[in-house]
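Visitor: Before I ask anything, here is the structure I am working with.
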Amino acid sequence: MTVPNPALRPAAEPDPADGALPAGDHGLAGLADALAAGTISSTAAVTAALDRIEASQPTLNAFRVVRRDRALAEAAEADRRLAAGERLPLLGVPIAVKDDTDIAGEPTAFGCGGDFVPKTEDAESVRRLRAAGAVIVGKTNTCELGQLPFTSGAAFGHTRNPWHREHTPGGSSGGSSAAVAAGLVPAALGSDGAGSVRIPAAWTNLVGIKPQRGRISTWPEAEAFQGLTVNGPLARTVADAALLLDAAAGPHAGDRHTPEPIRVSDAVGRDPGRLKIALSLRIPFTATKTTLHPEVRAAVRGIASTLRKLGHSVTVADLHYGLLMGASFLPRSMAGIRAVHDRMPGAEVDPRTRANVRFGRVLGGPALFAARQAEPLLHKRIGTFFSDYDLVLAPTTATPPPRAEEIDGIGVNATNNLITAACPYTWPWNVLGWPSVNVPAGFTDAGLPVGAQLMGAASSESLLVSVAAQLESELHWERHRPRPWW
C-alpha cells in the first residue's frame, strides 16, 4: 500500500477572490459554521454545489435528480433565517440524498427506468434533515433497487469513481459516495442493505456509517427490505458523518424498529479506553470462490497496527457466521426486492432484476418466515463473541473497486459471482441489524482506495465512532482528495 500516490491532491486552498473554500471542501461542520458566522451565504454555497454537480454530470454522473430551482429557493429562505439569528445544525448547508429516498415534488426511480409520479411527502429522514436546516440539492444515482456494489443501470449509465474514471465508486450508494468524494457536496445520505454505504465509502476514501436498525427512519416503510436496509451517512470525516447521522436520526410513529436515542457526535474525540479488538479476515460462507486481495489484506492489517499504536489490544480471532446467517439473508433480500418492484408499476428493469423478483416470490413464504425467526438465534450466537471482544475489525471489501463496465451484459450467475467475489464481508451485519463503520484504509499501488470496517454489537455507534475518530487523528485520510478529472 502506498500513500500518498499520484492520484492524490492536497485539500483545496481558499480562493483569494472570495476568501472562502468551495462548499464541498469546507466539510459539513465547517460549512455550517461558516454559514452561521456569515462568511458565506447559503445561496452562494448551494449555487456553487449545483454548478459543480451540473458540470460533472456528463463525466462523473453522480445524480439522477438535480433540484436547482427548488434548492435555490430553499437557500434564499435559509439566508433569511440566518440573517434573523436562527441557528440550526445544518441551516443552509447543501447535501444530497440517494434516489431510494422520497422528496416531496420529486420522483423516486430507485435506479430504474420509466416515468414515476412525483412524491407528495418527504421521507422521514428528509423531513428531519430539513428540520435541521439542510438544503437538499438533489438525488444521487443508485443501481436498480439497490442490488449491486456497482452504480450502473440502463436508465442512467455508469456513475464513475472520482479516484479513477474507469472504476465504479461502488454501490448501491455510489452516487452519494462519488458526490462527496468529488467535493460536489460536503456529505450525503445513502442506504445499506448488504454493505451499500460501507462498500462505496471504502472505494472512495470516505467514512460511511451503517447505524443500528431503526436509528434513521426508513418511513414511509416501517422497515426496508425485511429489516436488512438502513439509512446512513457518507462524509470525509468521522465528525461530519456523525453530524449528518444525528441530524437524520429519529423515529416515525409507524417504524417497526425504534432503538433508544443517542447522540453520536458526542463520541467524536472521546477516549474509548483500551479496547479488546478482534481482527477477523475470514470470509463469511459464500457459494462462490472468494479470496482476499493481498493489498486489501495489507491495508486492514495496517489499520490493526494503528489501533495497537493507539493502545488497543488487537488479536486475530475469526468470526464464524455459519450457514444460518446466509440462509437468513437470501429470503429477506429477495423478498425485499420483489416488494419494492411490485410497488413501482411501469418500472423498466434489467433481466437480472426480473429474475431476482421471481426468486423473491418463491422465497416470500415459509422461507422468509423462517429467516425472520432465525434472527434472535443469530443475535445470541454472534453476541457471545462480544463477551470476549469490544469490537471487530474486518475488511469492508475483498478487492479494490472493479472497472465500472465489468457489470455490463452478463447473466445472473456471472453477476452473482462478480459481486460476491468483490464484496463478501458486509452483509452479515445487515442480518443482525447492528452498527458498522467503514474507515479509509489507504490505497493500492494503482491509486485505488480500500477500506476496513469496525463492527459492534447492538447500538454501539458511539463506541465505533470514538475509535474511528482516533484512527482519523492518526491517519488523516481527510487530507487526501482525488485529482479532478470531471
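The values are calculated or read from the model by the stated rules, or taken from the named source; none is laboratory data. What you see is a predicted model, and the numbers here were worked out from it, not measured in a lab. Backbone-built Cβ (ideal geometry, glycine too); neighbour counts: all protein chains shown. The accessibility values were calculated without ligands, DNA or RNA, using every heavy atom of the protein model including side chains. Shrake-Rupley method; radii C 1.70, N 1.55, O 1.52, S 1.80 Å.
Visitor: State all residues of the range 395-408 that are of a type in the set (Gly, Ala, Ser) and open to solvent by 30 Å² or more (accessible area, probe 1.4 Å); if no residue qualifies, say none.
Guide: Result: no residue meets the conditions.
Visitor: Residues of the range 155-166 being in contact with a strand residue (DSSP E or B) (Cβ under 9 Å, 6 or more places away or on another chain) and either open to solvent by 20 Å² or more (accessible area, probe 1.4 Å) or closer than 24 Å to residue 351 by Cβ (or both), which ones?
Guide: Passing the criteria: 155, 156, 158, 159, 160, 164, 166.
Visitor: Those residues that are polar (S, T, N, Q) and open to solvent by 60 Å² or more (accessible area, probe 1.4 Å), I need them from the range 80-136; list them, please.
Guide: Once the filter is applied, which keeps residues that are polar (S, T, N, Q) and open to solvent by 60 Å² or more (accessible area, probe 1.4 Å), the range 80-136 yields only 120.
Visitor: What are the residues in the range 308-351 that are of a type in the set (Gly, Ala, Ser) and either over 23 Å from the mean Cα position of the chain (by Cα) or in a strand (DSSP E or B) (or both), if any?
Guide: If the condition is that a residue be of a type in the set (Gly, Ala, Ser) and either over 23 Å from the mean Cα position of the chain (by Cα) or in a strand (DSSP E or B) (or both), then 311, 313, 317, 322, 327, 346, 347 are the ones that fit.
Visitor: Given the criteria open to solvent by 10 Å² or more (accessible area, probe 1.4 Å) and more than 26 Å from residue 457 (Cα to Cα), does residue 220 qualify?
Guide: Judged against the criteria, residue 220 is a match.
Visitor: Just checking, how many residues over the range 365-394 are of a type outside the set (Asp, Glu) and open to solvent by 30 Å² or more (accessible area, probe 1.4 Å)? I'd like the intermediate steps shown before the answer.
Guide: Narrowing the range 365-394 to residues of a type outside the set (Asp, Glu): 365-374, 376-387, 389, 391-394.
Those left that are additionally open to solvent by 30 Å² or more (accessible area, probe 1.4 Å): 365-367, 369-370, 372-373, 376-377, 379-381, 384-387, 389.
Total meeting the criteria: 17.
Visitor: Continuing with this model, one more query. Scan the range 449-468 for residues that are of a type in the set (A, V, I, L, M), more than 16 Å from residue 238 (Cα to Cα) and surrounded by 24 or more Cβ atoms within 10 Å (Cβ to Cβ) and jot them down.
Guide: 450
Results for (1) open to solvent by less than 30 Å² (accessible area, probe 1.4 Å); (2) assigned to a helix (DSSP H, G or I); (3) in contact with a helix residue (DSSP H, G or I) (Cβ under 8 Å, 6 or more places away or on another chain); (4) in contact (Cβ under 8 Å) with a residue 60 or more places away in the chain, shown as yes or no for each residue.
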position: 262; (1), (2), (3), (4): no, no, yes, yes
position: 277; (1), (2), (3), (4): yes, no, yes, yes
position: 283; (1), (2), (3), (4): no, no, no, yes
position: 289; (1), (2), (3), (4): no, no, yes, yes
position: 292; (1), (2), (3), (4): yes, no, no, yes
position: 296; (1), (2), (3), (4): yes, yes, no, yes
position: 306; (1), (2), (3), (4): yes, yes, yes, yes
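Visitor: Filter the range 226-259 down to residues that are in a loop (DSSP other than H, G, I, E, B) and of a type in the set (D, E, K, R) and give me whichever is most open to solvent (accessible area, probe 1.4 Å).
Guide: Of everything passing the filter in the range 226-259, 256 is most open to solvent (accessible area, probe 1.4 Å).
Visitor: Can you tell me which residues in the range 156-180 are over 23 Å from residue 227 (Cβ atoms) and touching a Lys or Arg at 6+ places or on another chain (Cβ under 8 Å)?
Guide: Scanning the range 156-180 gives 156, 166, 167, 168, 169, 175, 178, 180.
Visitor: If you take the residues of the range 57-67 that are in contact (Cβ under 8 Å) with a residue 40 or more places away in the chain and not β-branched (Val, Ile, Thr), which of them is nearest to residue 171 (Cα to Cα)? Steps first, please.
Guide: Of the range 57-67, the ones in contact (Cβ under 8 Å) with a residue 40 or more places away in the chain are 59-67.
After this cut, where a residue has to be not β-branched (Val, Ile, Thr) as well, the list is 60-64, 67.
Values: 60: 14, 61: 14, 62: 12, 63: 13, 64: 14, 67: 22 Å.
It comes out as 62.
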